[in-house]
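Have a look at the structure below before the remarks.
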Amino acid sequence: MTDEKLAVEKAGGVEDDVSDATGADEATAVAEKETELTDEEKALAKLKEALEVEKEEVGPLHVKLTITIPRDTIDEELGEQFQDLKREAQVPGFRKGHAPLKLIEKRFGADVGSDSLTRLVSRGYLAAVEKLDVKPLGDPLICAMVTEKRTDDNGVEKSVKTERLVPVDRALEEMKLPSEGPLTFVCDVELKPEFELPELTKIPVKRPKVRITKKDVDLELKRMRMSSGRFQPVEGGKVEADDLLYADMKMSVDGEVVVTEDNFDLAARDLRVKGVPLIGFADAVVGKKVGDEFAFEAMVPDDHDNIDIRSKTAKFDFVLHEIKRLHVPPIDAEFLEGVGFDTEEELRTQLKLQMESRLESTVKRGMHAQIGEYLVEKTDFEVPEGVSRRQTDRAIQRRMIDMYTENVPQAEIDKKVDEMRAKVHDQATHDLKLFFVLEKIAEEQDIEVREEEINSAIASIAAMQGQRFDRIRDQFSKGGGLNTLYLRIRDDKILDKLLADAEVSETKGPKTKDPNTKEPKTKEPKTKEPKAKSPQPKGGKSGTDS
Amino acid sequence: MDIYHIVKRPLVTEKGTHQAQQSQDATRSRPARGGSFAFEVHPKASKPMIRQAIEKIYDVKVISVRTSNRKGKPRRVRYKMGSTPKWKKAVVVLGPNSHIDLF
C-alpha cells in the first residue's frame, strides 16, 4: 500500500475507493518511470554480469580495480552505435539512412570507437563498483600510457610514453578501443570510510551563560564613534599611541639605502612598513615631536619580496613632519542623525539588539562546534590516505562561507584563506571526518535542503555584503560554491536537529563574549567593520600596509 | 593512355551498390558471373582498354564491360551559360571468383 493511502487512512474519513484509485494511478506512474529508466539500467546490469573485476588493496580505503570488458560486449556496443549512426549518417552518393553499414564503419569507425570507449569505460567503472559493492570517494584515476616531453642530458627534448594514473578525461584521450580481444583498464579508487554512528541524542553540550552588559554597549558605541571620527592635525604636541604620522622615511640594510620616501604616512603603533614588521615601534615613537629625527631597527622576515635583504637587520630613519590624531565625535544630535537615530537611548537599544543577535549566533555556533567535536571524537574511522585536493578545497570554501556569513571584510577573508592553505591539512582531515559523519546522518535521517533555503541564505549574504542577490548567486555558482552552501545549510540543519535533542548545561561564560567587540585600541583608526546601520567611513586611509 | 588515366575513380553510390547487389544475387543462378562495379573512366577509353585497366589495377577477371557516355549538366555563371564536363561511366562485371573491395 502506498504512503499516500496510509496518510489518507491516518487522516480518516475518506472513502476507500478513492484511495484505491490514487494507489492504482501511482502504481502506473511508478511502472512508467521504471520503463523509462530501464534502458540505461539494463545496459548497466548487463555489463555488471558480463565484466570481470579484480580488487587489490593498495592502502587503507584505497583500492586498485582491474576491469575487463569482454569482446562480445564491445562488439555489441559498437554494433548499436553503428546502427544508430546508419539511420542518421549523410554520405555523398547515398540518401540519408541508405548507406551500407560497411561503408559507415569505414568512414566513422574512429569516432564511434572513441565514443564507445568513453561509454564502456564509464559504465564499466560504475558496474564494477556496483558489482564489488564499494562506495568510491570522488572520481577514480585511470592507469594510462601518457606521452610526456622530457629533456635528456644533451638538452634534446623527447616524447616519452610512461604509465601514469590520470583523471578519466585525460585517460580517455590516451586510450584506444582494441580492435581484437577484451578491453582491460585499471582504476585507482579512494573509498568512503565505513563506520557506525555514535549515539545522536543527549549529546552533552555546554552553553556559556553570557549577556550583553551596558559596558559592552559602551564599547561598541565608542567603536562606532571612532569609525566615524576624523584625523585632525596636532599643533605643538607629542605623539600618542595610534596617532597618524607623516614623516620622511629611509630604509637601509647593511648601510645601503633600500627605499626612501618623503611624507610617508604611518600609524603610531606596531605595524609593517615595506614588508618589515616594526615590533615595538609604538613605544619608540610615543613622545616624539614634530621635527624630531629618530631611527628604528627591525629584522627583515625570511619571506620578504626582496631576496637580498631577507633575514637581515633593516634600519629605518624617520624625520617627523606632522602628527594627526583621531577626533572622536561626541554623542550629539549631529552624530545621532548621521547614524539614523533620534535619541541616544534608541541607538543603544538598537546596538544592544544587534549585539545580542550576534552573540546568540556565536553561542549557537560554539554549541554546533561542540556537537561536531563530539561526533568526530565518538566516531572511529580513518580518513582516506590521499585526502583529495577537491575535499581540501571544499573545506576552505566552507570556511569562506562561514566568514561571509560572519560579516568578515573581504580583505580579511582573502588573508585568512591564504593562511589556511598553508596549514589546512590537519583541519581538512578533521573537517573530512565531520563531513563523512554528517553525510551519513543526513542519509539516515533523510535531511535535505530545498532550493528556497539556498536562495534565502544567498539573499542574507547579499544583504550583509551590500551586493545584489544575482551577483552573489553568480559568484557562488561560478566557483562551485553553491554545492558548498548546500552542504553548509544541510550541516546546520543536522546540527540544529542534534542540538534540539542534546543535553545542554549552562556554564559561566567569559565577561565579553561577542568576538566582534574588541578593545578600541586594537582597531585601525580609519577602517570600520561593515555593518548594517553604521555610517560610511570618512577621510583618507592609512598608507601603511599594517 | 596510362591505366590510371583510363580509370578515374570508382563510383560509390546507392545506385551502384544496389546494382552490384543485384548482380551478386544473379550470380547464384548464373554462376559464371561475379559482382558488378561502376567506375568513372576517361571519355575516350574503349571497353577493351577499360577491361585491361581494371584487370591490372584490381587484379581481377572481368567478364564484361558496359559503358555509357554522360552529358555534362548545364550550369549558369552569372549571365553566361556553361556546363559541367561530359564523362564516361563504365560498369564492369567480374568473374565469379573476383571481388573489388571499394569500401
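Take the residues in region A:146-184 that are farther than 16 Å from A:T66 by Cβ and of a type in the set (G, A, S); name whichever of them is least open to solvent (accessible area, probe 1.4 Å).
Selected residue: A:G155.
Out of curiosity, is A:A333 closer than 18 Å to A:K250 by Cα, free of Cβ contacts under 8 Å to residues at least 40 places away in the same chain and not basic (K, R)?
No: the conditions fail for A:A333.
Which members of region A:240-260 meet the condition of being outside any strand (DSSP E or B), touching a residue at least 40 places away in the same chain (Cβ under 8 Å) and of a type outside the set (D, E, K, R)? Talk me through it step by step, then tell me what you get.
Looking only at region A:240-260, we keep the residues that are outside any strand (DSSP E or B), and these are A:240-243, A:254-255.
In the following step, the residues that additionally are touching a residue at least 40 places away in the same chain (Cβ under 8 Å) were identified as A:240-243, A:254.
Answer for region A:240-260, where residues must be outside any strand (DSSP E or B), touching a residue at least 40 places away in the same chain (Cβ under 8 Å) and of a type outside the set (D, E, K, R): just A:A241.
I need a count of the residues in region A:25-79 that are small (G, A, S) and modelled with pLDDT of 75 or more.
Summing the residues that are small (G, A, S) and modelled with pLDDT of 75 or more in region A:25-79 gives 5.
Could you tell me which of the residues A:R211, A:R164, A:R150 is out of contact with any Ser or Thr (no Cβ under 7 Å at 6 or more places or on another chain), modelled with pLDDT under 85 and closer than 30 Å to A:T349 by Cα?
The match here is A:R211.
Please list, ordered by residue number, the strands (runs of 3 or more DSSP E) wholly in chain B having 3 or more residues that are within 14 Å of chain A (Cβ to nearest Cβ) and modelled with pLDDT of 90 or more.
In chain B, the matching strands (runs of 3 or more DSSP E) lie at B:36-41.
Can you find a residue that is acidic (D, E), surrounded by fewer than 16 Cβ atoms within 10 Å (Cβ to Cβ) and closer than 18 Å to A:D218 by Cα anywhere in region A:316-338?
There is at least one residue in region A:316-338 that is acidic (D, E), surrounded by fewer than 16 Cβ atoms within 10 Å (Cβ to Cβ) and closer than 18 Å to A:D218 by Cα.
Please go through (1) touching a His at 6+ places or on another chain (Cβ under 9 Å); (2) part of a loop (DSSP other than H, G, I, E, B) for A:K176 and return the number of the only condition it doesn't satisfy.
Unmet condition: (1).
Among the residues of region A:119-153, how many are in contact with a Cys (Cβ under 8 Å, 6 or more places away or on another chain) and in a loop (DSSP other than H, G, I, E, B)?
Number satisfying all stated conditions: 1.
Considering only residues that are more than 7 Å from chain B (Cβ to nearest Cβ), without any contact (Cβ under 8 Å) to a residue 12 or more places away in the chain and in a helix (DSSP H, G or I), look in region A:87-107 and name the one that is most open to solvent (accessible area, probe 1.4 Å).
A:R87
Looking at region B:82-103 only, could you name the residues that are loosely packed, with under 14 Cβ neighbours inside 10 Å and closer than 20 Å to B:D59 by Cα?
Scanning region B:82-103 gives B:N97, B:D101.
Could you grab me the full set of residues in region A:189-223 that are in a helix (DSSP H, G or I) and either in contact with a Lys or Arg (Cβ under 8 Å, 6 or more places away or on another chain) or within 19 Å of A:T362 (Cβ to Cβ) (or both)?
Listed by number, the residues that qualify are A:K215, A:D216, A:V217, A:L219, A:E220, A:L221, A:R223.
Which of (1) more than 14 Å from every other protein chain (Cβ to nearest Cβ); (2) modelled with pLDDT of 85 or more is the odd one out, the single condition A:L137 does not satisfy?
(2)
What residue, of A:V53, A:V58, is assigned to a strand (DSSP E or B), surrounded by 15 or more Cβ atoms within 10 Å (Cβ to Cβ), away from chain B (no Cβ under 14 Å) and under 41 Å from the mean Cα position of the chain (by Cα)?
A:V53
For A:G113, only one of the following conditions fails: (1) surrounded by 14 or more Cβ atoms within 10 Å (Cβ to Cβ); (2) more than 10 Å from every other protein chain (Cβ to nearest Cβ); (3) on the phi > 0 side of the Ramachandran plot. What is its number?
(3)
Before we move on, is A:A127 open to solvent by less than 60 Å² (accessible area, probe 1.4 Å), within 14 Å of chain B (Cβ to nearest Cβ) and modelled with pLDDT of 85 or more?
Working: open to solvent by less than 60 Å² (accessible area, probe 1.4 Å): yes; within 14 Å of chain B (Cβ to nearest Cβ): no; modelled with pLDDT of 85 or more: yes.
It is false that A:A127 is open to solvent by less than 60 Å² (accessible area, probe 1.4 Å), within 14 Å of chain B (Cβ to nearest Cβ) and modelled with pLDDT of 85 or more.
Considering only region B:63-81, how many residues are surrounded by 11 or more Cβ atoms within 10 Å (Cβ to Cβ) and over 13 Å from B:P43 (Cβ atoms)?
4
With (1) in contact with a Lys or Arg (Cβ under 9 Å, 6 or more places away or on another chain); (2) open to solvent by less than 80 Å² (accessible area, probe 1.4 Å); (3) farther than 18 Å from A:A247 by Cβ; (4) not aliphatic (A, V, I, L, M) as the list, and A:D303 as the residue in question, which single condition is left unmet?
It is condition (2) that A:D303 fails.
The values are calculated or read from the model by the stated rules, or taken from the named source; none is laboratory data. These figures come from a predicted structure and were not determined experimentally. Every residue, glycine among them, receives a Cβ derived from its backbone with ideal geometry; neighbour counts consider all protein chains shown. With ligands, DNA and RNA removed, areas are computed over all heavy atoms of the protein, side chains included. Shrake-Rupley method; radii C 1.70, N 1.55, O 1.52, S 1.80 Å.
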